[in-house]
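The values are calculated or read from the model by the stated rules, or taken from the named source; none is laboratory data. These numbers were taken from a predicted model, which means no experiment stands behind them. All Cβ positions, even for glycine, are placed from backbone atoms using ideal geometry, and neighbour counts span all protein chains on display. Just the protein is used for accessible areas: all its heavy atoms, side chains included, with ligands, DNA and RNA removed. Shrake-Rupley method; radii C 1.70, N 1.55, O 1.52, S 1.80 Å.
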Amino acid sequence: TSDEFRFVVAEQLREIGVEAEIVLEPQPRDSGPAVAVAAVLGAQRHARQLVLVLPSDHYIPDGEAFRDACEGAAKGAQDGYVMTLGVRPTAPATGYGYIRAGKATGSGEA
């Protein structure tokens, strides 16, 4: 998260009883370094640790479908694939990339 929101995140984690390390972005809209650090921290805890990276500016109205998608992606990730979850766009946006699905790997829902 950003330095500005780290206390909000810490409070939310405390409220749900989760212990976690909070990784800060070096500057706004620059999540790449923080994601890399989170992946390294996960790997230090367990060599095959899975890491789920979620942007804070997305609204997912169907929590159950999202959990199902994450569980399906986790199966592919456990088999060594980098998984990407996509949301169908409602309009063109140059600030985001687009995903073109390839052939199924036979690994979970990958």
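Taking residues in the stretch 34-51 that are farther than 22 Å from Arg6 by Cα, and partners anywhere that are open to solvent by 80 Å² or more (accessible area, probe 1.4 Å) and not in a loop (DSSP other than H, G, I, E, B), the pairs with Cβ atoms closer than 9 Å and at least 6 places apart or on different chains are Arg48/Gln78; Leu50/Gln78. Any chance the stretch 57-66 includes a residue that's surrounded by 10 or more Cβ atoms within 10 Å (Cβ to Cβ) and β-branched (Val, Ile, Thr)? There is at least one residue in the stretch 57-66 that is surrounded by 10 or more Cβ atoms within 10 Å (Cβ to Cβ) and β-branched (Val, Ile, Thr). Scan the stretch 12-26 for residues that are surrounded by 10 or more Cβ atoms within 10 Å (Cβ to Cβ) and out of contact with any Leu (no Cβ under 9 Å at 6 or more places or on another chain) and the total you get is 6.
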